[in-house]
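Engineer: Handing you this structure, nothing more for now.
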Amino acid sequence: MQVPEDIKALDEKIAKAKLLKQQEEPQTKHSDFSHLTIGLRLGVELASGTIVGAAIGYTLDEVFDFKYIMLLIFTIFGGCAGMLNAYRYIKSINTKEEKEGE
Amino acid sequence: MSGPMEQFEIKKLIPIEIGGYDISFTNSSLCMVLAATLVVSIFALCLRKRTLVPGVYQNIPESIYEFIYKIVLDNVGKEGVKYFSFIFTLSLFIASGNILGLFPYSFTFTSHLAAVGALSIFALLFNMIVGIRKKKWGYLRTFMPRGIPWPLAPLIIPIETISLLSKPFSLTVRLVANMTVGHIMLKIIAGFVAALGVCGVVPLFFDGCIIAFELFIAVLQAYIYTILSCIYLSDALHYH
């Protein structure tokens, strides 16, 4: 479908206005609320890794009758997985901030 | 007066049992059907007269569409656009479920681990299928990233596997906890309104404020769920 000329002109006008607004706006810093969100997400990541690890270990113990050895091992693995997820999350935030700073 | 946890009780509306399995139509199922119907109806109504320059009503679904499209584009890239319909459906379903739960006599199905957990597992399976289709055997690299010495494989493979499996769990817990806590708080404070008599105006005011805040949380949580689903999809497509 052919886009009318006046719509095209309006589109250009909107794009220009958006660019101007972006240049005028000061760089936004993280608010306290976003810090809280980061903290909460880190907490959930740490806990969920451990819980999922423990659940896998418990299931393996129940199925193969390992006398709770798997529960112990997989809880530790789960804790490590939680820390890994938290580390990756923090790394992604840092990368994002570096990109924004450029 | 009913307890604060009573609102989360699942009630059978149409009992159905097939092969010993209880697949009854419950109040949770009803709210899910309502949420889906509501979204489709609103979109169909607003998009009745499609024009090149959108009117007020056409602007509503278009803005939502563009907003989620931008999330997919920013987090997954152009490659993710073909999976947009899945992300769009998922986020609208959760957002409508969260908002619907705020209405009196309604039921918040997003406050149940089983409902949200099933959605998250479905999203994880979807991401895995997308990753396997794209990278074939290379997808196994997710469990053993490049550059790690092979003697470390017995440690890294279980850790990476748990890391992958904990993603839907953390997604679920975040949404369920937010929805459950908000509704419990509303109910407890509402309990004070009747108990305090004339002074009940104070908790009533607080309840009003919390409802406004809950509406914000309902949309925010759907937004977070969408962003995280996009990030996990991006991991399946680009990672390692």
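The values are calculated or read from the model by the stated rules, or taken from the named source; none is laboratory data. Computed from a predicted model, the values in this text were never measured in an experiment. Backbone-built Cβ (ideal geometry, glycine too); neighbour counts: all protein chains shown. All accessible areas refer to the heavy atoms of the entire protein, side chains included, with ligands and DNA or RNA removed. Shrake-Rupley method; radii C 1.70, N 1.55, O 1.52, S 1.80 Å.
Engineer: Could you give log10 I(q)/I(0) at q = 0.14, 0.20 Å⁻¹ for chain A, computed by the Debye formula over C-alpha point scatterers of equal weight, without solvent?
Structural biologist: -0.73, -0.98
Engineer: If you don't mind, another one. Would you kindly compute the Cα radius of gyration of the range B:107-240 and its largest Cα-Cα separation (Dmax), both in Å?
Structural biologist: My reading of the Cα-based Rg and Dmax gives 21.1, 72 Å.
Engineer: Taking every residue in A:85-96, how many Cβ atoms of other protein chains lie within 10 Å of its Cβ, on average?
Structural biologist: Neighbouring Cβ atoms belonging to other protein chains average 1 per residue here.
Engineer: Once the principal axes of the Cα atoms of chain B are found, what is the range along each, listed largest first in whole angstroms?
Structural biologist: 71, 52, 43
Engineer: For chain A, which DSSP H helices look membrane-span-like by this rule: Cα extent along the axis of 30 Å or more and mean Kyte-Doolittle of at least 0.5?
Structural biologist: Qualifying helices: A:32-64.
Engineer: A:Lys21: which aspartates and glutamates have alpha carbons under 17 Å from its alpha carbon, excluding same-chain residues fewer than 8 sequence positions away?
Structural biologist: Result set, ordered by chain and number: A:Asp11, A:Glu12, A:Glu100.
Engineer: Mind checking the per residue accessible area of the range B:84-240 for me, 1.4 Å probe, whole number of Å²?
Structural biologist: Here the per-residue accessible area is 48 Å².
Engineer: Comparing the chain by itself with all protein chains present, which residues of the range B:35-62 are at least 50 Å² less accessible (probe 1.4 Å)?
Structural biologist: Buried on complex formation: B:Leu52.
Engineer: A further question follows. Mind checking which of A:Leu42, B:Phe25, B:Phe88 is farthest towards the positive end of the protein assembly as shown's charge dipole, using Cβ charges of +1 (Lys, Arg) and -1 (Asp, Glu) about the Cα centre?
Structural biologist: Working it through, the farthest residue towards the positive pole turns out to be B:Phe88.
Engineer: Charges at C-beta only: +1 for Lys and Arg, -1 for Asp and Glu. How large is the resulting dipole of the range B:117-205 about its Cα centre, in Debye rounded to 20?
Structural biologist: It works out to roughly 540 debye.
Engineer: Let me ask something additional. Ignoring ligands, DNA and RNA, how do B:Tyr83, B:Tyr139, B:Tyr223, A:Tyr58 rank by accessible area with a 1.4 Å probe, largest first?
Structural biologist: Order by accessible area, largest first: A:Tyr58, B:Tyr223, B:Tyr83, B:Tyr139.
Engineer: Can you tell me what the convex hull of the Cα atoms of the protein assembly as shown projects to on average, as an area in nm²?
Structural biologist: 25.4 nm²
Engineer: Excluding ligands, DNA and RNA, what is the accessible area buried between chains A and B, summed over both sides, using a 1.4 Å probe, to the nearest 100 Å²?
Structural biologist: Its buried surface, counting both partners, is about 1700 Å².
Engineer: Averaged across the residues of B:153-164, what count of C-beta atoms belonging to other chains lies within 10 Å of each residue's C-beta?
Structural biologist: Mean shielding count: 6.
Engineer: What number of lysine-lysine pairs in chain B show an alpha-carbon separation below 26 angstrom, given a sequence spacing of 8 or more or placement on distinct chains?
Structural biologist: So the count works out to 19.
Engineer: Next up: Can you compute the charge dipole magnitude of the protein assembly as shown about its Cα centre, using +1 on each Lys and Arg Cβ and -1 on each Asp and Glu Cβ, nothing else charged? Give it in debye, rounded to the nearest 20.
Structural biologist: That gives a dipole near 820 debye.
Engineer: Give the span of the range B:1-109's Cα atoms along each principal axis, as three whole-Å numbers ordered largest to smallest.
Structural biologist: Principal-axis extents of the range B:1-109 (Cα, largest first): 50, 31, 27 Å.
Engineer: What whole-number value in Å² describes the accessible area per residue of chain A for a 1.4 Å probe?
Structural biologist: Spelled out: the 1.4 Å probe surface of chain A, per residue, equals 79 Å².
Engineer: On average over all directions, what projected area in square nanometres does the range B:89-172 have, based on the convex hull of its Cα atoms?
Structural biologist: Taking the Cα atoms of the range B:89-172, their convex hull projects to 6.7 nm² on average.
Engineer: Can you pull the percent of the range B:91-240's accessible area that's carbon plus sulfur, 1.4 Å probe, other chains left in place?
Structural biologist: Its accessible area is 80 percent carbon and sulfur atoms.
Engineer: Hey, another quick one. Leaving ligands, DNA and RNA out of it, report the carbon-plus-sulfur percent of the accessible area of the range A:35-78 at a 1.4 Å probe.
Structural biologist: The computed percentage sits at 80.
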